[in-house]
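Everything below concerns the one structure shown next.
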Amino acid sequence: MSQTNRNYKATFILDNRGKEDSVDQIIETVKKEITAVQGEVTAVENLGRRDFIRVTDDKFPAGVYVQVNFSGPAAAPAQLHERLRLNGTVYRALVESV
């Protein structure tokens, strides 16, 4: 039985405070996490640093936003959230089906 892939658009907020990794290195790490859940990255767009509307941590008032388009199986978003939960450089992740 062949597995059908779906298209997703994911938005990530990256937290590089106190890290030596550049934003590009963190994006490569996120791309590796997507491929680890059988996803195929089709496009990456760095939206830059933006201030948060609601600041939950006074020491972290802004983050780097990145949008990644990828295709993968239906279970990929849940598996990706679980893998990124353990990753300290991804502050928030939103995966939408397109």
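The values are calculated or read from the model by the stated rules, or taken from the named source; none is laboratory data. Bear in mind that the values here come from a model prediction, so they are computed numbers and not experimental data. A quick note on method: Cβ atoms are made from the backbone with ideal geometry, for glycine too, and the neighbour counts reach across all protein chains shown.
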request  = Filter the range 36-76 for residues that are over 19 Å from residue 91 (Cβ atoms) and of a type outside the set (A, V, I, L, M, F, W, C) and give the result.
outcome  = 38, 39, 40, 42, 69, 71, 72, 73
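Just to check your reading of the model, which residue among 20, 33, 28, 82 is outside any strand (DSSP E or B) and surrounded by 16 or more Cβ atoms within 10 Å (Cβ to Cβ)?
Details: 20 fails: surrounded by 16 or more Cβ atoms within 10 Å (Cβ to Cβ); 28 fails: surrounded by 16 or more Cβ atoms within 10 Å (Cβ to Cβ); 82 fails: surrounded by 16 or more Cβ atoms within 10 Å (Cβ to Cβ).
After applying the criteria, what remains is 33.
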ask   = Take the residues of the range 1-17 that are assigned to a loop (DSSP other than H, G, I, E, B) and more than 14 Å from residue 39 (Cβ to Cβ): which is modelled with the lowest pLDDT?
value = 1
request  = Check 50, 92 and return the single one that is of a type in the set (D, E, K, R), without any contact (Cβ under 8 Å) to a residue 24 or more places away in the chain, in a strand (DSSP E or B) and surrounded by 11 or more Cβ atoms within 10 Å (Cβ to Cβ).
outcome  = 50
query = Residues in the range 22-34: is at least one among the aliphatic types (A, V, I, L, M) and either more than 19 Å from residue 81 (Cβ to Cβ) or free of Cβ contacts under 8 Å to residues at least 12 places away in the same chain (or both)?
reply = yes
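Yes or no: residue 72 surrounded by fewer than 14 Cβ atoms within 10 Å (Cβ to Cβ), of a type outside the set (D, E, K, R) and within 15 Å of the chain's Cα centre (by Cα)?
no
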request  = Collect the residues in the range 52-86 that are out of contact with any Ser or Thr (no Cβ under 7 Å at 6 or more places or on another chain) and polar (S, T, N, Q), keeping them in residue-number order.
outcome  = 56, 79
